[in-house]
Ligand SMILES: [Zn+2]
């Protein structure tokens, strides 16, 4: 199995790292992975993940698929109800940040196409890329949307899009620098890059430590905090315009973390800690379990 190795910090370029935490992949393999921290900027990454050719087996789980396609189980039921609500919230964020009621959108890591469908139904011209063949087939059959394979990102014309969105996708991408360059190239000047990622500086991350579900090793290769994402965007010519909390993620991630801890009353405890995380994020959006960063090109 070929390892994915990180020579230099993608944020600051420093090549010196220190061990941060050992985490178990509770979702699929139950293997242990090491998270390392950059000595220069504090950025964190999964040190012994597999390379792009070999990471596929860590996505092969009934449960991982059920995240997007079935409503089995209480946690998933809640997740699905919330997702429908969030689709509207995401659309409104794209519209308010671009100032456009309809425009040209690219969703990178479009999954099964729910967000593209939401945007298309509201008058947006949409394109998407997605690694999973099954998800692309689902998007075509369910919504009639042709989602492209990830390499298409590098073939879109320069200055094509008013907005590009990555909803919990950036942390999965091996070729981080190449993709950021491409994202900058395909956005129109003044276009918006909207990135949602988990936040390891959140209340729930600090509370659950190695059980925090959003470490999600080895699928999550990169672990961003608000302090690193700003300079990371600037490196590619983006200015951070605004940040937004994703309050429901506080609840979902807390419930899942309790499940990983094999807690009794996992659902109830998850709600309690989710609520604390959410209340914290009301005072400081940068403390939410997941954060949306809106960058302007
Ligand atoms: Zn660094």
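Kindly indicate which of 164, 197 is closer than 24 Å to residue 212 by Cα and either assigned to a loop (DSSP other than H, G, I, E, B) or in contact with a strand residue (DSSP E or B) (Cβ under 9 Å, 6 or more places away or on another chain) (or both).
Just one listed residue meets the conditions, 197.
Here's the yes/no breakdown for (1) within 16 Å of the ligand (Cβ to nearest atom); (2) touching a helix residue (DSSP H, G or I) at 6+ places or on another chain (Cβ under 8 Å); (3) at pLDDT 95 or above; (4) over 24 Å from residue 114 (Cα atoms):
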| position | (1), (2), (3), (4) |
| --- | --- |
| 147 | no, yes, yes, no |
| 187 | no, no, yes, no |
| 235 | yes, yes, yes, yes |
| 253 | no, yes, no, no |
Checklist entry - Across region 149-161, what is the number of residues that are free of Cβ contacts under 8 Å to residues at least 24 places away in the same chain and either touching a helix residue (DSSP H, G or I) at 6+ places or on another chain (Cβ under 8 Å) or in a loop (DSSP other than H, G, I, E, B) (or both)? => result 2
Checklist outcome for this item: Within region 2-58, the count of residues that are touching a helix residue (DSSP H, G or I) at 6+ places or on another chain (Cβ under 9 Å), part of a loop (DSSP other than H, G, I, E, B) and away from the ligand (no atom under 16 Å from the Cβ) comes to 8
Checklist entry - Out of (1) out of contact with any helix residue (DSSP H, G or I) (no Cβ under 7 Å at 6 or more places or on another chain); (2) surrounded by 21 or more Cβ atoms within 10 Å (Cβ to Cβ), what's the single condition that is false for residue 193? => result (1)
Checklist entry - Looking at 246, 283, which is the one that is out of contact with any helix residue (DSSP H, G or I) (no Cβ under 9 Å at 6 or more places or on another chain) and at pLDDT below 90? => result 283
Next on the checklist: I'd like to verify a number: residues in region 254-291 that are buried (at least 22 other Cβ atoms within 10 Å of the Cβ) and within 30 Å of residue 181 (Cβ to Cβ), how many?
Outcome noted: 4
Checklist outcome for this item: Okay, helices (runs of 4 or more DSSP H) sitting entirely in region 207-297 with 1 or more residues that are closer than 29 Å to residue 50 by Cβ, I get 226-235, 247-260
Checklist entry - Within region 73-130, how many residues turn out to be under 19 Å from the mean Cα position of the chain (by Cα) and outside any helix (DSSP H, G or I)? => result 13
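The values are calculated or read from the model by the stated rules, or taken from the named source; none is laboratory data. Small disclaimer: the values here were computed from a predicted structure and weren't measured. We place every Cβ from the backbone using ideal geometry, glycine too, and count neighbours over all the protein chains shown.
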